[in-house]
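Each remark here refers to the structure printed beneath this line.
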Amino acid sequence: MCDVLGRALRQADAAGGLSRRGFLRAAGATAVAGGLMASAGCAASAEEPRRAATAASGHRTRLVLLGTAGGPILLKGGDRFGVSTAIAYGGRVYVVDLGLGAQMRLAAAGFGGEAPNSQLAGLRGVFFTHLHSDHVAEWPALYAVGPMNRGSAREKIHVFGPGDRGTLPRVFPPHRPEPALVNADNPTPGISGMTAHLRNAFATDFNDRARDSNYTLPEGTFDVQDIDIAPYWQVDPAGVPPRLHEPIPVWQDGDVRVTATLVDHHPTAPAFAFRFDTPDGSVVVSGDTAVSENLIDLARGADHLVHEVIDPEFVEQLVQSLPREQQDPLRAHLLESHTTIEQVGRDVAEPAGVKTLVLNHLVPGDNDPERWKQAQNGFSGTLIVGEDLMQLGVGQA
């Protein structure tokens, strides 16, 4: 989401009226998403994942929150890593998004085998909701070192994500000049295009290891696929998706069925939410989105809905620290392409009829927990404020 925040920081610095530290202090934040990747606090202890795993160990299907903060900005310390969510079914693990630190969280969650190089042995699939940096920052690292951390596993890891959108997003506000294009020959690559660039970027390492150690190249480990949305939408510059009347089939892995829908994170598009159905129950992960009827349809009757959330009070603090010409555009961006505390329970989880709403991608990450709990208003199910390495059982133990 939030390349706009990085731009705001740089422009504030250039204006000379507000230092980077002053910007954050004025915003009253240590985490932004459109915000920050990590919040103040103590790092999670080694005991926490063990306690969490014990609590859900009787369940064949588990929901594991690997990282619960959103946004690209880094701060010292913190107990919230970049956004990443795992669904485990027996020994199989499926991960949605790879925010900064996701590989370390995967190892800490205890999904690996006994061998020292088997921390990713159970990883079956990776699903990217969209290609903003705070959701894909760990993909280059996983692509580079994943083959060496799977032990004796030989089945490929299936990777799914957005394809090339085919058009540039609109410039906002519309009256300002268009910025220079990055990679003008291919300015909007999807996950497969991005991965091809990674292969070339790591060529020195890959060639060294293949020749010296008979190293398995990443294409032998990962099967990377763009999710085809051609039957549903030709993305336009505004990036607001159409109403869908059925989910998008993504993958069937034995007993695990994965479907998706298009959500509204305009102008970023396509942006997906994913649903995982196992014989034990269902988990839906929203990705970044405003209130979305497509998402409500996908989440209908789900056991757990993992949904992003932003605090509008924080947004107001943030925009007041910026130059006047940036305030209205930034406020619109943050509130029109994300879901607020007041909306997430009342306008999404309740009409979807989900049993448990799990708040994730928290903005700001250091909010008073009582503020997040206001999402219960208008929602008759169970509300959980997500924490890194929290594990929740799905269905009967």
*From the list TYR143, TYR94, pick out the single residue that is in a strand (DSSP E or B) and under 25 Å from PRO270 (Cα atoms).*
TYR94
_Given the criteria in contact with a helix residue (DSSP H, G or I) (Cβ under 8 Å, 6 or more places away or on another chain) and surrounded by 14 or more Cβ atoms within 10 Å (Cβ to Cβ), does SER118 qualify?_
yes
*If you check PRO177, PRO173, which single one turns out to be assigned to a loop (DSSP other than H, G, I, E, B), farther than 19 Å from ALA88 by Cα and free of Cβ contacts under 8 Å to residues at least 60 places away in the same chain?*
PRO177
*Filter region 301-325 down to residues that are surrounded by fewer than 18 Cβ atoms within 10 Å (Cβ to Cβ) and among the polar types (S, T, N, Q) and give me whichever is nearest to HIS175 (Cα to Cα).*
GLN320
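Rundown of residues vs (1) in contact with a His (Cβ under 7 Å, 6 or more places away or on another chain); (2) closer than 30 Å to ASP208 by Cβ, yes/no style:
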| residue | (1), (2) |
| --- | --- |
| ALA86 | no, no |
| VAL95 | no, yes |
| PHE128 | yes, yes |
| SER133 | no, yes |
| ALA137 | no, yes |
| PRO147 | no, yes |
*Name the residues in region 301-321 that are in contact with a helix residue (DSSP H, G or I) (Cβ under 6 Å, 6 or more places away or on another chain), over 22 Å from THR129 (Cβ atoms) and not β-branched (Val, Ile, Thr), would you?*
GLN317, LEU318, SER321
*Kindly provide the set of residues from region 148-182 that are closer than 19 Å to PRO237 by Cβ, within 24 Å of the chain's Cα centre (by Cα) and not hydrophobic (A, V, I, L, M, F, W, C), ordered by number.*
PRO162, GLY163, ASP164, ARG165, GLY166, THR167, PRO169, ARG170
*Given (1) surrounded by 20 or more Cβ atoms within 10 Å (Cβ to Cβ); (2) over 21 Å from ARG257 (Cα atoms); (3) hydrophobic (A, V, I, L, M, F, W, C), where does LEU298 come up short, assuming only one miss?*
(2)
*asked:* Criterion first (surrounded by fewer than 24 Cβ atoms within 10 Å (Cβ to Cβ) and within 19 Å of ALA102 (Cα to Cα)) does LEU362 satisfy it?
replied: no
*So which residues in region 139-161 are in contact (Cβ under 8 Å) with a residue 60 or more places away in the chain and more than 16 Å from VAL95 (Cβ to Cβ), if there are any at all?*
ALA144, PRO147, MET148
_Check on LEU74, surrounded by 20 or more Cβ atoms within 10 Å (Cβ to Cβ) and either modelled with pLDDT of 95 or more or within 21 Å of the chain's Cα centre (by Cα) (or both)_ = no
*Kindly indicate whether any position in region 340-358 is out of contact with any strand residue (DSSP E or B) (no Cβ under 7 Å at 6 or more places or on another chain), without any contact (Cβ under 8 Å) to a residue 24 or more places away in the chain and not aromatic (Phe, Trp, Tyr).*
no
_Near pairs, Cβ below 7 angstrom, 6+ apart or cross-chain, from region 87-102 (free of Cβ contacts under 8 Å to residues at least 40 places away in the same chain and farther than 13 Å from LEU389 by Cα) to any residue that is surrounded by fewer than 24 Cβ atoms within 10 Å (Cβ to Cβ) and among the basic types (Lys, Arg)_ = GLY90/ARG60; VAL93/ARG124
*Filter result for THR129 (hydroxyl-bearing (Ser, Thr, Tyr), closer than 30 Å to GLY365 by Cβ and assigned to a loop (DSSP other than H, G, I, E, B))*: yes
*asked:* Suppose we filter VAL171, VAL145 for residues that are under 30 Å from VAL240 (Cα atoms) and among the β-branched types (Val, Ile, Thr); which single one remains?
replied: VAL171
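Per-residue answers, yes or no, for (1) within 30 Å of HIS59 (Cα to Cα); (2) among the hydrophobic types (A, V, I, L, M, F, W, C); (3) not in a loop (DSSP other than H, G, I, E, B):
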site: VAL315; (1), (2), (3): no, yes, yes
site: LEU318; (1), (2), (3): no, yes, yes
site: LEU362; (1), (2), (3): yes, yes, yes
site: LEU383; (1), (2), (3): yes, yes, yes
site: GLN391; (1), (2), (3): yes, no, yes
_Residue satisfying all of: in region 376-397; of a type in the set (A, V, I, L, M) and either surrounded by fewer than 16 Cβ atoms within 10 Å (Cβ to Cβ) or in contact with a His (Cβ under 9 Å, 6 or more places away or on another chain) (or both); nearest to PHE111 (Cα to Cα) among these_ = LEU392
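The values are calculated or read from the model by the stated rules, or taken from the named source; none is laboratory data. Remember, it's a predicted structure, so these values are computed and weren't measured experimentally. Neighbour counts run over all protein chains shown; Cβ positions are idealised from the backbone, glycine included.
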